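Here the structure is laid out as structure tokens; the discussion comes afterwards.
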Amino acid sequence: MEATNIRVTLGRKEILHGIDFKAEPGKVTAIIGPNGSGKSTLLKTLSGEITGAGTITLNGSDISSLQPWELSPMRGVLPQASSVAFPFTVLEIVRLGLARGLAGADEHLPIQALKHVDLAGFENRSYQELSGGEQQRVQLARVLTQVWETPDSSETKWLLLDEPVASLDIAHQFTVLDIARDFASRGGGVVVVMHDLNLTALFADTIYVLSQGRVWGSGAPSEVLNDDMMRDVYGINLQMNKTPPTQVPFVLPQAMYQNT
Ligand SMILES: Nc1ncnc2c1ncn2[C@@H]1O[C@H](COP(=O)(O)OP(=O)(O)O)[C@@H](O)[C@H]1O
Ligand SMILES: [Mg+2]
């Protein structure tokens with residue numbers, strides 16, 4: 001997936017000011033940055049939901065030349081928030097990810113996807129009566145149903161996830177991040193907006209840091225998660241630490257209130 005010189009205007013304001021972005025199959029590419037820096041706007045643009053200036057290539061095709069039914073088996077999108085206005089059951093929501101809609105052929109996929117997100121047995125529960133974190137996992141199961149298995153597996157599948165672990169407990173954060181890593185290890189591409197810098201450091205191959213609609217920097221976690229980035233992008237003065245065995249960077253907020 002490659003995006004070149006992306007400019008997006010919403011309302012009267014330019015939100016993304018010329019972004020270059022690249023994500024590779026088999027890798028997890030994370031997008032981080034403060035609230036309002038343009039992460040969701042970038043993800044929506046990469047998914048084709050928002051159109052801007054610049055080009056986006058997915059598996060060699062310009063996405064503006066693809067019809068929705070061509071795009072849909074290639075990439076599943078988990079929005080930051082999904083509102084459901086009608087009393088659907090969990091299974092009805094997940095089945096929306098089936099390519100053939102109401103036809104029964106792929107019926108095992110939604111059930112399997114619900115198991116993946118640790119919601120086996122929730123099929124007939126009312127979606128609206130679930131907790132926020134459970135609803136987010138149902139939506140992920142829908143997205144997995146869309147891209148997990150398709151007849152033409154020669155083409156790379158992509159998962160685009162907007163803050164998939166934001167409302168989850170720590171165990172389910174790992175459930176979801178494991179799903180994303182597994183998807184990448186089977187050759188899929190994962191682009192994920194994250195807030196938790198420590199989880200991002202552990203789990204991403206490449207990080208893009210957005211600041212005010214521009215890419216501040218990109219690279220491996222050890223290249224971009226540093227004191228300069230924390231100061232320039234988040235406006236926080238602290239010293240980044242490294243966990244001894246792996247040298248993965250981590251942010252310890254208490255450090256802000258000590259020794260300074
Ligand atoms: N539909 C819209 N119309 C006008 N401005 C918008 C719209 N959506 C988002 N914005 C603005 O674009 C900026 C980036 O938003 P967003 O991409 O959602 O940020 P992030 O996901 O990084 O928190 C914010 O300043 C937000 O107010
Ligand atoms: Mg957002």
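Listing for the model above:
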quantity	calculated
Hits in region 29-42 - residues which are out of contact with any Lys or Arg (no Cβ under 6 Å at 6 or more places or on another chain) and either near ligand 2 (Cβ under 8 Å from one of its atoms) or more than 14 Å from P164 (Cα to Cα) (or both)	P34, N35, G36, S37, G38, K39, S40, T41, L42
Total residues in region 14-24, condition more than 16 Å from ligand 2 (Cβ to nearest atom) and either outside any loop (DSSP other than H, G, I, E, B) or crowded, with 16+ Cβ neighbours inside 10 Å (or both)	6
Members of region 37-92 found to be open to solvent by less than 70 Å² (accessible area, probe 1.4 Å) and among the polar types (S, T, N, Q), listed by number	S37, S40, T41, T45, S47, T55, T57, N59, S61, S72, S82, T89
Residue satisfying condition, being part of a loop (DSSP other than H, G, I, E, B), under 16 Å from the mean Cα position of the chain (by Cα) and surrounded by 21 or more Cβ atoms within 10 Å (Cβ to Cβ), within set V176, V165, V190	V165
Residue within region 75-83 that is part of a strand (DSSP E or B), touching a Pro at 6+ places or on another chain (Cβ under 7 Å), within 23 Å of F174 (Cβ to Cβ) and within 16 Å of ligand 1 (Cβ to nearest atom) present	yes
Residues of region 2-35 satisfying the condition of being without any contact (Cβ under 8 Å) to a residue 60 or more places away in the chain, on the phi > 0 side of the Ramachandran plot and within 11 Å of ligand 1 (Cβ to nearest atom)	G11
Qualifying residue in region 202-214 (condition: touching a strand residue (DSSP E or B) at 6+ places or on another chain (Cβ under 7 Å) and either without any contact (Cβ under 8 Å) to a residue 40 or more places away in the chain or among the charged types (D, E, K, R) (or both))	yes
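The values are calculated or read from the model by the stated rules, or taken from the named source; none is laboratory data. If you're wondering where the values come from, they're calculated on a predicted model, not measured in any experiment. Cβ coordinates were reconstructed from backbone atoms using ideal geometry, including for glycine residues, and neighbour counts include every protein chain displayed. Surface accessibility is based on the protein's heavy atoms, side chains included, excluding ligands, DNA and RNA. Shrake-Rupley method; radii C 1.70, N 1.55, O 1.52, S 1.80 Å.
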